[in-house]
Amino acid sequence: MDFSVKKGSPETQKSACLIVGVFEKNKLSPAAKAVDAASNGAIGALLKQGDLKGKPGQTLWLHAPAGTQAQRVLLAGCGKEGELSEADYRKVLLGAFMSVKSSAAKDAVCCLTELEVAGRDAAWKARQTAVAAAAAVYTFDQLKSDKERNGRPALKKVQLLAGDNGKEIERGLREGAAIGAGMDLTKDLGNLPGNICTPTYLAEQASALGEQYKEITVDVLDEKEMQKLGMGALLSVSTGSRQPAKLITVEYHGGKKKDKPVVLVGKGLTFDSGGISIKPGAGMDEMKFDMCGGASVLGTMKAVAECKLPLNVVGIVPSSENLPDGAANKPGDIVTSMAGLTIEILNTDAEGRLILCDALTYAKKFDPAVVVDVATLTGACVIALGKHAAGLLGNDEALIQGLLAAGQTSGDRAWQLPLWDEYQEQLKSPFADLANIGGREAGTITAACFLSRFTKEFRWAHLDIAGTAWVSGGDNKGATGRPVPLLMQYLLDQVQG
Ligand code: BES
Ligand code: MN
Ligand code: ZN
């Protein structure tokens, strides 16, 4: 998608689609007023029929109104005048672009940046617009044979109408477009099935980023190299699979040489059957999404490179399958992690923490400013927070507050859970340094407790995205691209303060 800034008045825009806001009680936004005046009251007359109540997300088409240069005008409901919240603004945008998507319009001029959203500037609105437009037109049809019939959206170009704030809008658009591109990559990788998106495939996609962007270098460790480093926890997960594990490292060099990097670590389980502690069959296909943490790290690296952020960022993706097999982990097995801690595997389905703990130990070599890991780690997190917020835990309150704020700003929210010492008790093992599960209670917290044993030497936070990384069942089943917006906002905040 091509995003740019446009100057001029709404009614003179030559466009396949002009998007203007309409509030409840038929109150018109400034752009809608301009179109209404130019068209001899066409909007007012249409609204009188009562088809548009003005609720956020609602839309109504007006075709080629006289006095304008637009082939269509899309009226977008904006709620009560003067009360547009951040969440409603996102609803307005998504509703509008979903409508544009289902039309034949190839380009659109959007006048919604003029709307007031308390506490948010034009760059924020532009960023939200680009992300919403990209999300609306995203389609995953690589594996459908008849792509025409499934209907690809026509929309290719979105322009935001600007006043004297063009520069600000342009910056927001650039950032939003980058976030959108990162989310698209994350969704594509997530939606691909386990037989295509293997650890080797993920490594290839990471290497492609290295070829696309000169600031990115990629390094992939194979099992032999991991063996040499003593990654016994990670490797114990892949012994049950015919697909070899990979440890993928993507380095983005945008800052000064001496700037310590932000390190992102993403769980890349390309299929999680549970292993010998096998999962029930219903819905098991969704465990192809168990690499969404890793995919979001790769998506964020792409967005960072697209934005040319003046930062150093390292993405680490430990990747493996988890399958039952004669060589697979068995309950009771004890493995030795790279950090030297021995782990009793009481449940082979708690495999994410096994691959993450070695990747977190590996992260130390980059002398990180902070480490943030992202993982579809626990079903318990879905029970606790549902699909609206990621679980957030860590050992550094400032980092956690930074991530929470980035979640608010981007609308890709997280919610903090406590990482109190008392919970560590649940990981005691009679035979090893720690067990890989902590019982039924507080499953998300004990999973984070497990990781915390491997992150003592740096500032660290953990995002459990089990509930937010994909949408289950139904028509819109698929990867969400989260938490790319949150991570990118956090990184933007490091630059912009
Ligand atoms: N990938 C799953 C977590 C998961 C489950 C994410 C459902 C999204 C939806 C993870 O590897 C897992 O199986 N966790 C177990 C841990 C348990 C054995 C302590 C779980 O949550 O059941
Ligand atoms: Mn599992
Ligand atoms: Zn898993």
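Where a number appears in this text, it was derived from the coordinates with a stated rule and is not lab data. Fair warning: this is a prediction, and the values are worked out from it, not measured in the lab. Ideal geometry is used to build each Cβ from the backbone, glycine not excepted, and the neighbour counts take in all protein chains shown.
List of remarks:
- Simple Cβ-charge dipole of region 216-264, Lys/Arg +1 and Asp/Glu -1, about Cα centre, in debye nearest 20: 180 debye
- Sorted largest first, extent of region 244-362 alpha carbons per principal axis (Å): 48, 35, 19
- Residues in region 11-22 carry Karplus couplings, in order, of 6, 9, 6, 7, 7, 6, 7, 10, 9, 10, x, 9 Hz; the curve used is 6.51 cos²θ - 1.76 cosθ + 1.60 with θ = phi - 60°, and Gly or Pro positions show x.
- Once backbone amide H atoms are built at 1.01 Å from N, Asp349 has Ser277 as its partners under 5 Å, excluding neighbours fewer than 5 places away on the same chain.
- Under 11 Å, Cβ to Cβ, from Leu419 - net charge with Lys/Arg +1 and Asp/Glu -1: -4
- Farthest toward positive dipole pole in the chain [+1 Lys/Arg, -1 Asp/Glu at C-beta], among Gly283, Ala118, Ile345: Ala118
- q = 0.06, 0.07, 0.09, 0.10 Å⁻¹, the chain: log10 I(q)/I(0) [Debye, one scatterer per Cα]: -0.30, -0.40, -0.63, -0.75
- Between Thr239 and Arg120, the FRET efficiency from the beta-carbon distance, with R0 = 51 Å, is close to 0.50.
- The trypsin sites (Lys or Arg not before Pro) of region 301-357 include none that meets both conditions, a loop assignment by DSSP and at most 10 other Cβ atoms within 10 Å of the site Cβ.
- Sequence ranges 408-414, 45-51, 319-325, 4-10, ranked by mean other-Cβ count within 10 angstrom, highest first: 319-325, 408-414, 4-10, 45-51
- Residues Arg242, Arg120 in ascending order of nearby Cβ atoms (within 10 Å, fewest first): Arg242, Arg120.
- Dividing the helix sum by the residues of the chain, where each DSSP H run of 4 or more adds -39500 (n - 2.57), gives a mean residue ellipticity at 222 nm of -11000 deg cm²/dmol.
- Under a 5 Å amide H cut-off, with hydrogens placed 1.01 Å from N, Gln69 pairs with Gln13 among residues at least 5 apart or on other chains.
- Those residues of region 274-296 whose amide nitrogen sits under 12 Å from the label point placed on Asp333, 7 Å along Cα→Cβ: 275-277
- In this structure, the amide hydrogen of Gly79, modeled 1.01 Å from its nitrogen in the peptide plane, lies closer than 5 angstrom to those of Glu24, Lys55, counting only residues at least 5 positions away or on a different chain.
- Applying 1/(1 + (r/R0)^6) with R0 = 45 Å to the Cβ-Cβ distance of Lys48 and Glu441 gives a FRET efficiency near 0.15.
- Over region 400-497, the Kirkwood radius and the radius of gyration, each from Cα atoms, give a ratio Rg/Rh of 1.05.
- In sequence order, calculated HN-Hα J values of region 188-199 (Karplus, 6.51, -1.76, 1.60; Hz; x Gly/Pro): 4, 5, x, 6, 5, x, x, 6, 9, 8, 9, x
- Gain on full extension, evaluated as 0.36 nm per residue between Ala282 and Asp259 minus their Cα-Cα distance, stands at 3.5 nm.
- Degrees between helix 122-137 axis and first principal axis of the chain (Cα, 0 to 90, nearest 10): 80 degrees
- Of the GluC sites (Glu not before Pro) found in region 364-448, those in coil by DSSP whose Cβ has at most 15 other Cβ atoms within 10 Å are Glu441.
- For the pair Thr342 and Glu148 in one chain, pulling the backbone fully straight at 0.36 nm per residue adds 64.4 nm over the alpha carbon distance.
- Taking chymotrypsin sites (Phe, Trp or Tyr not before Pro) across region 394-497, the ones in a DSSP loop with at most 14 further Cβ atoms lying within 10 angstrom of their Cβ are Trp420, Phe431.
- Among Leu221, Leu392, Pro244 the positive-end extreme of the charge dipole of the chain (Cβ point charges): Leu392
- For the chain, the dipole from Cβ point charges (+1 on Lys and Arg, -1 on Asp and Glu) about the Cα centre works out to 1460 debye, to the nearest 20.
- Cα extents of region 80-145 along the three principal axes, largest first (Å): 47, 20, 20
- Overall dimensions of region 83-221 as given by Cα atoms, namely Rg and Dmax in Å: 17.6, 53
- 13 Å cut-off, amide nitrogen to a point 7 angstrom out along Phe431 Cα→Cβ, residues in region 346-367: 346-348
- Net +/- balance of residues flanking Lys106 in space, Cβ distance below 13 Å, scoring K and R +1, D and E -1: +4
- Estimated vicinal HN-Hα couplings, Hz - region 115-120 in sequence order (Karplus 6.51, -1.76, 1.60; Gly, Pro = x): 5, 7, 10, 3, x, 10
- Considering only Ala206, Leu161, Gly176, the residue lying farthest towards the positive end of the dipole of region 148-213 is Leu161, judged by Cα position with unit charges set on Cβ.
- Members of Lys14/Lys91; Lys33/Lys144; Lys214/Lys279; Lys187/Lys308; Lys33/Lys187; Lys167/Lys288 lying beyond 32 Å, as alpha-carbon distances in this model show: Lys33/Lys144; Lys214/Lys279; Lys33/Lys187; Lys167/Lys288
- Net +/- balance of residues flanking Arg482 in space, Cβ distance below 11 Å, scoring K and R +1, D and E -1: +2
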